[in-house]
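The values are calculated or read from the model by the stated rules, or taken from the named source; none is laboratory data. Not measured: the values here are computed from a predicted model. Cβ placement follows ideal geometry from the backbone for every residue including glycine, while neighbour counts extend to all protein chains displayed.
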Amino acid sequence: MRISVIGTGYVGLVTGACLAGFGNRVVCVDVDQEKVRMLNQDRVPFYEPGLEDIIRNNRTAGRLGFTCSLEEGIRGASVCFITVGTPSDVDGSADLQYVLAVARQIGAHMEEPLVVVTKSTVPVGTADKVRAAIREELEARGVQIPFTVASNPEFLREGAAVSDFMCPDRVVIGTDDPATEETLKELYSFLPPEKVLCMDIRSSEMTKYAANAMLATKISFMNEMARICELVGADVEKVRLGIGSDSRIGYAFISPGCGYGGSCFPKDVRALRHTALRHGYSPRILQAVEDVNESQKHVIFQKILRHFGQDISGLTFAIWGLSFKPNTSDMREASSVTLIQDLLGAGARVRLHDPKAMDEARHILEGRSGVTFVEDQYEAIKGAQGLALVTEWDVYKQPDFQRIREEMESPVIFDGRNQYSPQEMRRLGFTYYAIGRPNKG
Ligand code: UDX
């Protein structure tokens, strides 16, 4: 099949590259000339395991190309994916300007029948707006070219995006047109048919929000349990095992921590809340999920103040892990940023380390004083009064604790992801604070 993909962010690049890998001819379009230039040299502008190889292989095989011209990108295509960003608007709703601008351009340039698929996370009802925008442009051109609009939300996780695309739990297709359904089913014929769920467009659009809201709810719920565990002297990690073993609950997404971040959960929970409000319903659970997460992002800072007292000016803290989660360079809405801002705001200094997100961190923190970026994780803790683990990259999981003790000014660890054993930490002579775990006894 000939496919075009508009927007080369995570979703677009992974979709385009993987579909090319299944033998389709794919052209990816992006307005960013520098990005397109890089991609045409097989360079991926962000870190995503496995993606660069797939892009190189398929580009070399002539199945994958990149261009800035949407007109060129959709020429000859029978399916066109819209995968541009839907950032939060100031009020928290999803900003559809990029999606609708692309829809208008599709209408302005398409020459052959086309299935237009929204893959970006878009509010319920967006497919109708996309359809109207394309139709308007076609009418303005005075041409009649058949097209349909479908929804096919993406559930990929950063850091596991390629394997999520290749082996998803399910693919959701929303369309009211049987021929479109067949076309998209054919595209996903590399999956067992029971994994492809077809439904109406609005349910498909809503599925994406409901899935992310559910996952965010599980995390905030667990973070709330962690708070209560601390108060009553229980260990949330034991509680997690205790409840996760119930098959109705499961182990996934119940790890407490210093808050969720990323490009999806925060934005999508806000957008869904906004959609509900617009329809006259004030969602109480979604509001609580957001509130708990916001306060959870400050939890390490509060533990630091409790340990060192309110005046931490002049103290130095090392931070391990800056990306919003391991295996990505993405720092969008990362808990590390909240902690760094809290610490700098209180007059402390920070020494930062991350295996992949240092460039992004430099960009975000440009011009801030009191910030030192350190390429070596042990060098980062040199002279620090405290070490905060914010993102559980593998390199931090079994560190040389002896060395940590030697390098640090005082051996205090704030573990925002419950990576270490409290008993072991005490045995090694650390003062150790985790999330929802007793730090005494
Ligand atoms: C998420 C969804 O998983 C994916 O299906 C959707 O398409 C996009 O949003 P992603 O943002 O890449 O993917 O990250 P994910 O791995 O889901 O983690 C999100 C955040 O939740 C991270 O900050 C992570 O640290 C946090 N998290 C996750 C927890 O705090 N506890 C958990 O148990 C799981």
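Brief remarks follow.
- Test for Ser4: is it modelled with pLDDT under 95, under 23 Å from Val149 (Cβ atoms) and crowded, with 20+ Cβ neighbours inside 10 Å: no
- Of all residues in the range 171-195 being surrounded by fewer than 22 Cβ atoms within 10 Å (Cβ to Cβ) and either under 18 Å from the mean Cα position of the chain (by Cα) or of a type in the set (S, T, N, Q) (or both), the one that is nearest to Glu52 (Cα to Cα): Ser189
- Restricting the range 114-170 to residues that are more than 15 Å from the ligand (Cβ to nearest atom) and of a type in the set (Asp, Glu), the residue that is farthest from Asp53 (Cα to Cα): Glu139
- Pairing residues of the range 362-376 that are of a type in the set (Phe, Trp, Tyr) with residues that are modelled with pLDDT of 95 or more and not in a loop (DSSP other than H, G, I, E, B), at Cβ distances under 9 Å and at least 6 apart in sequence or on separate chains, gives Phe373/Arg351; Phe373/Leu352; Phe373/His353; Phe373/Met358; Phe373/Ala361; Phe373/Arg362; Phe373/Ala380.
- Residue in the range 62-84 that is surrounded by 24 or more Cβ atoms within 10 Å (Cβ to Cβ), hydroxyl-bearing (Ser, Thr, Tyr) and in contact (Cβ under 8 Å) with a residue 40 or more places away in the chain present: yes
- Yes/no for Asn439 being assigned to a loop (DSSP other than H, G, I, E, B), under 30 Å from Lys238 (Cβ atoms) and not assigned by TED's automatic domain parsing to the domain that holds Asp311: yes
- Residue ID - surrounded by the fewest Cβ atoms within 10 Å (Cβ to Cβ), chosen from residues in the range 384-410 that are over 30 Å from the mean Cα position of the chain (by Cα) and of a type in the set (A, V, I, L, M, F, W, C): Phe401
- Qualifying residue in the range 77-94 (condition: at pLDDT 95 or above, away from the ligand (no atom under 16 Å from the Cβ) and more than 21 Å from Ser151 (Cβ to Cβ)): no
- Residue match in the range 76-83 (condition: assigned to a loop (DSSP other than H, G, I, E, B), in contact with a Phe, Trp or Tyr (Cβ under 9 Å, 6 or more places away or on another chain) and under 24 Å from Ser163 (Cβ atoms)): yes
- Hey, Glu181 assigned by TED's automatic domain parsing to the domain that holds Val79 and touching a strand residue (DSSP E or B) at 6+ places or on another chain (Cβ under 7 Å) or not: yes
- Selection status of Val149, part of a strand (DSSP E or B) and either buried (at least 22 other Cβ atoms within 10 Å of the Cβ) or touching a helix residue (DSSP H, G or I) at 6+ places or on another chain (Cβ under 7 Å) (or both): yes
- Tabulated pairs, the range 380-398, first acidic (Asp, Glu), second within 13 Å of the ligand (Cβ to nearest atom), C-beta under 6 angstrom, 6+ apart or interchain: Glu392/Pro326; Glu392/Arg417; Glu392/Gln419
- Residues satisfying the stated conditions in the range 411-441, i.e. surrounded by fewer than 19 Cβ atoms within 10 Å (Cβ to Cβ) and under 15 Å from Arg306 (Cβ atoms): Thr431, Pro438, Asn439, Lys440
- Contact annotation: no residue pair with Cβ atoms under 6 Å, 6 or more positions apart or on different chains, pairs a residue in the range 247-267 that is free of Cβ contacts under 8 Å to residues at least 60 places away in the same chain with a partner that is small (Gly, Ala, Ser) and near the ligand (Cβ under 7 Å from one of its atoms).
- Residue within the range 330-349 that is out of contact with any Leu (no Cβ under 8 Å at 6 or more places or on another chain), surrounded by fewer than 22 Cβ atoms within 10 Å (Cβ to Cβ) and closer than 26 Å to Pro123 by Cβ present: yes
- Checking every residue in the range 131-140 against the condition of being free of Cβ contacts under 8 Å to residues at least 40 places away in the same chain, closer than 14 Å to Gly16 by Cα and in a helix (DSSP H, G or I) gives zero matches.
- Flag for Glu205 being under 30 Å from Phe22 (Cα atoms), within 16 Å of the ligand (Cβ to nearest atom), modelled with pLDDT of 95 or more and assigned to a helix (DSSP H, G or I): yes
- The condition of being surrounded by 16 or more Cβ atoms within 10 Å (Cβ to Cβ), modelled with pLDDT under 95 and of a type outside the set (Gly, Ala, Ser) holds for only one of Leu156, Leu138, that being Leu156.
- When Phe317 is tested against (1) at positive phi; (2) more than 16 Å from the ligand (Cβ to nearest atom), only condition (1) is not met.
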